[in-house]
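Enquirer: Got a structure for you, written out below as C-alpha cells; questions coming shortly.
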Amino acid sequence: MQFREVVRRRRITRRYSGEPVEPGALGRVLDAARRGPSAGFSQGQAFIVVTDPERRAGLAALAREAEWVARGFDPWVSSAPVLVVPCAEPDRYRARYAEADKARSAGPDGWGVPYWWVDGGAALMLLLLAAVDEGLAAGFLDVDDRDGVRRLLGIPSSVEPLGLVTLGHPAPDRRSSSLARDRRPLEEVIHADGWQAPP
Ligand SMILES: Cc1cc2nc3c(=O)[nH]c(=O)nc-3n(C[C@H](O)[C@H](O)[C@H](O)COP(=O)(O)O)c2cc1C
C-alpha cells in the first residue's frame, strides 16, 4: 500500500471482528514499532503483547469497558484479539545519557522534554500505521488505572505503560464524540518562519 494511503486510512478503530490476527502479520507490525527514532538511540521502548483471554478481559475491565458499553459504545477492548501495552523505559535513557559521548547533553534531571515520551509516541504511530499496511486495524486508548495495568501484567515501577493498543480485523464501530470536531486545516497548524498568532 502507498504510504499516503496508509496514513489516510489510519484511524482509531473501536470494534473488531472475531477473525484472529495472523502471527506473521503481528510480527511485522511489532517489528515496525521498534524501527522508530530514539534519542541517543536509547531504544527505551517495550511492547507487552497480550492474547491470553483472561488477561485481555482484565485489561477490558481496567479500561472500564462495561461502563462504556452501558452508555451505548462498542465492546472495544474485549473485541480485539490482540492487545499491546507499549511501554517506556526511562532508565535506558538515563543510562545512555550517562555514557561519555552523551554525558553533557542531559543529566538525570536535565531532560527538557523527557525523550521516552516522544519516542514512545513515534513507536506507537509506527505500530498503528503498520497495522493498516497489513490490512488490519488498530486503536489506542488511555487506561486511567495504570497501577492496575502494572499489577495485571507484572510491569516494574521503573517502566511506564503508555496506554493500550487494540489490534484486529475491523468491524463497524461507533465513532468517538471527539470526531464531531474537524481535523484542523493545514494552514492553521503551520507557522511559517515563526509562531503566528491566530487572526
Ligand atoms: C494519547 C491518546 C489517548 C487517546 N485516548 C483515547 C481514549 O481513551 N478513548 C478513545 O476513544 N480514543 C482515544 N484516543 C483516540 C483519539 O480520540 C483519536 O486519535 C482522535 O479522535 C482522532 O481520530 P483518529 O485517530 O481516528 O483520526 C486517544 C488518542 C491518543 C493519541
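Enquirer: Hey, got the Cα dimensions of region 3-173 along the principal axes, in Å, largest first?
Expert: 52, 37, 26
Enquirer: Figure the gain on full extension for residue 49 and residue 171 (residue separation times 0.36 nm, minus the Cα-Cα span) and round it to one decimal in nm.
Expert: Full-extension gain reported as 41.8 nm.
Enquirer: A further question follows. Work out the charge dipole of the chain with +1 on the Cβ of Lys and Arg and -1 on the Cβ of Asp and Glu about the Cα centre, then indicate which of 41, 98, 195 is farthest towards its positive end.
Expert: The one lying farthest along the dipole's positive direction is 195.
Enquirer: What is the magnitude of the charge dipole of the chain about its Cα centre, with +1 placed on the Cβ of each Lys and Arg, -1 on the Cβ of each Asp and Glu, and no other charges, expressed in debye to the nearest 20? Provide the component values of the computation, followed by the final result.
Expert: Details: 27 positive and 27 negative charges, 50 e Å.
Here the size comes out at about 240 debye.
Enquirer: Under 12 Å from the Cβ of residue 96, count the other residues' Cβ atoms, weight Lys and Arg +1, Asp and Glu -1, and hand me the total.
Expert: Here the count lands on -2.
Enquirer: A further question on this structure: Return the calculated 222 nm mean residue ellipticity for the chain, to the nearest 500 deg cm²/dmol, obtained by summing -39500 (n - 2.57) across DSSP H runs with n ≥ 4 and dividing by the residue count.
Expert: Calculated at 222 nm, the ellipticity per residue is -10500 deg cm²/dmol.
Enquirer: Taking 4 °C and 1.567 mPa s as the conditions, I'd like the Stokes-Einstein D for region 73-199 in µm²/s, using the Kirkwood hydrodynamic radius from alpha carbon pairs.
Expert: 72
Enquirer: Let me ask something additional. Please give the contour-minus-distance gain from residue 113 to residue 17: 0.36 nm per residue of separation, less the Cα-Cα distance, rounded to one decimal in nm. Can you show the working numbers first?
Expert: Numbers: separation 96, 0.36 × 96 = 34.56 nm, distance 3.89 nm.
Here the segment from residue 113 to residue 17 would lengthen by 30.7 nm.
Enquirer: Express the relative contact order of the chain as a whole percentage, based on alpha carbon pairs under 8 Å and six or more residues apart in sequence.
Expert: That works out to 34 percent.
Enquirer: Cα centroids of region 38-72 and region 121-199: how far apart, whole angstrom?
Expert: 12
Every read-out reported here was derived from the displayed coordinates using simple, explicitly stated rules and does not represent laboratory data. Owing to the predicted nature of the structure, the values given are computational and were not obtained by experimental measurement. In this analysis, Cβ positions are derived from the backbone assuming ideal geometry, glycine residues included, and neighbour counts consider all displayed protein chains.
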